[in-house]
Structures are given as structure tokens and as C-alpha cells.
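*Asks:* The structure's right below; bear with me while I get my questions together.
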Ligand code: SD4
């Protein structure tokens, strides 16, 4: 660590009206700059490759990690053929596509939206919450109204083909109207972590959540500490998979705290996965994957079952897809 700058702790704003971004109310944080060290971006699943490419358009030019992760995951939100992120996502049991997202930066600022309908870029709404309100999370109708007030266009969802699939699914799964079940086909959230050339970390996570979920259900993805956590002194982590299991162990926060105790990113992800395994008697179909990136640009991933992969882009190797470690086969 070459340089460390502390920002002054301000008093957290309590106004209930929207506030302009200001120095007052910012949280204490440190920024570390190490010129010997390049930028890195990692993100979940193979759709992460395209997302990383766009994130790199920011990072490669010396841009901020925060801008990179927002731009990166917007790529996936834009892809209407993606059935687990954005408005192309699978709906809930009753046919509503409800979106969850969160973002966190190097100053521990964070913003989130949950249960948001009809808005194409939940991640940008989450950033707008972070930058323009004293709050962290807005949900449902309030989140939608907020997005419209800030000029986000209303879009139609579900898409025709998604609605058709849902109708078929309903015919075949009458039982879920009596007792909700987990639909195991769907675990492709995008979580992205980046470190920029100033040594600052940020992360973003966005999803349409578990396909055909119970109406009102929100998973880990928009919950700071569960689906995503960033601590600029230590590292960042994000999660994909069964959100209920991730929330139960405050997954991403746990991974970051393990890195604080000296674990490598992969070891930290592995220990968090083991904690999930220890807390659940029935692991059938319970897939969770964690990704982590530390302050030195080292990264790793681990999942309950094999099959989880992630995209990595850095100064040295360009882009590649990496299989996360796991010691269980499906
Ligand atoms: C959720 N964690 O809503 C999300 C789903 C997911 O990869 O990650 N899919 O529980």
C-alpha cells in the first residue's frame, strides 16, 4: 500500500426528500493507489465475457471501477435473450418479471432496487438511488416511481416468448400453486467485481431472480452483504445461485471478512460454500457460487457443485473463462 487517503466521516443525511450527492454524508473510506498494479474485472458465468468487454472499455482507459461495473452489467441487462437478467428474464409464478439489483463502490456507498418491474436497467436505478437519495434500497412500486421520476423509460414485460414459456410451465407445474418450489433451471445472475488502476474496488449485481418464484420473493442479489459486498481496504465478493442460502450466511460479506483474515479469494469463497453446506441438510439442487477479488487484484471462485464458471479480464491475459473450483458433482 503506497498511499492511503482517509475521507472525513460526515453525519449521515436523514432528509426524506431526494438529496443531491454531496460531501456531507459520505462514509469514511480509504483509497489506495499502487501504480504497479493493473485493473481486473471478473463476472459470473459465460455471459460475463461480453459484460467484461464493455467494462474494460472503461477500465482500459483508466476509468473508475464503479463506472466499469455499471456499464458491464448493463450489457447483460440489454440482452433480451437472457432469461435470468433484465426484462428478458423469467417471470414469477404469476407472470410478472420483477428485477433485483445492487451496486457498491470504494467509499462503501451502496444502492439497490428490488421487485422492480418494467425498467430495463435496474443497475442504473440502483446507482441513482445510491447517488441521489439518503437511502440504500427502494422496492416495488416506489422503486418504479423513482425510476420514472429520474427519466428511466417504461418498457413492456414479459416479452411475448417469455410469456409463452411461462404459460407452458404453468400447465406443467400445477403443484406450485399449492406449495412453492425452487426451479433449479435458473441460476445465471450477473455479479461483477472490478479494481481500477487507482486500486479502487466496486461491484454490481443484477438479476430477474429465481424463475417462477413466489410473487413478492426477493433473493440475495439486491441485498448488500448477501449478493454483493465491497470493502475497499480488503476486497469484494458476489454470489450467484440459490439466494435464500446466500442470505442465510450473509454470503458476500462473509467472503470479504474471510479475506480480511488473510484468506485468498478462492479460500474465502470455499469457506463460505462450506458454511452453506454445513447449514443445509438437503443439498439437492442447491447451487451457490461465490466470486472474490482482493485488493491486490487476485481473484477466485468456488461453488457448491461444479459447473459454475466466470469471466476474467485483466491487463495481462485479456479475457478468459475460468471454471470455479468445487468438490461436488451434480
Ligand atoms: C436469486 N441469486 O434470486 C439469485 C438467482 C441467481 O444465478 O443467482 N441466479 O436467488
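Each reported figure results from applying straightforward, stated rules to the coordinates on display, with no laboratory input. Here the structure is a predicted model, which means the values were calculated and not measured. Here the Cβ positions follow ideal geometry from the backbone for every residue, glycine too, while neighbour counts run over all protein chains shown.
*Asks:* Arranged from highest to lowest average of other beta-carbon atoms within 10 Å per residue, in what order do the peptides 57-63, 315-321 appear?
*Replies:* The most tightly packed comes first, giving 57-63, 315-321.
*Asks:* At a 10 Å Cβ-Cβ cut-off, how would you order 47, 280, 173, fewest neighbours first? Numbers along the way, then the final one.
*Replies:* Details: 47 21, 280 17, 173 13.
Placing the least packed residue first, the sequence is 173, 280, 47.
*Asks:* What shape does the chain have by the C-alpha gyration tensor, where a ≥ b ≥ c are the square roots of the eigenvalues, rounded means a/c under 1.5, and otherwise prolate means a/b greater than b/c and oblate the rest? Write out the running numbers ahead of the final one.
*Replies:* Working: a/c = 1.66, a/b = 1.23, b/c = 1.35.
Note, shape of the chain comes out oblate.
*Asks:* Ok, one more. Calculate for the chain the 222 nm mean residue ellipticity that helices alone would give, adding -39,500 (n - 2.57) per DSSP H run of length 4 or more and normalising by residue count, nearest 500 deg cm²/dmol. Walk me through the intermediate numbers first.
*Replies:* On the way: 8 runs with 92 residues, N = 330.
About -8500 deg cm²/dmol.
*Asks:* Something else: Rank 313, 44, 240 by mean-square fluctuation in a GNM of the chain with C-alpha springs under 10 angstrom and give only the top-ranked residue.
*Replies:* 313
*Asks:* So how do 96, 253 line up by other beta-carbon neighbours within 10 Å, fewest first? Could you put the intermediate results ahead of the total?
*Replies:* On the way: 96 16, 253 19.
Fewest-to-most ranking of 96, 253: 96, 253.
*Asks:* Taking the number of other C-beta atoms within 10 Å as the exposure measure, put 305, 150, 310 in order starting with the fewest. Working shown, then result.
*Replies:* Values: 305 19, 150 13, 310 29.
Ordered by Cβ neighbours within 10 Å, fewest first: 150, 305, 310.
*Asks:* Taking the mean number of other Cβ atoms within 10 Å as a proxy for protection, how do you rank 210-221, 290-301 from highest to lowest?
*Replies:* Numbers: 210-221: 21.8, 290-301: 24.7.
Per-residue Cβ counts within 10 Å, averaged per peptide and sorted highest first, yield 290-301, 210-221.
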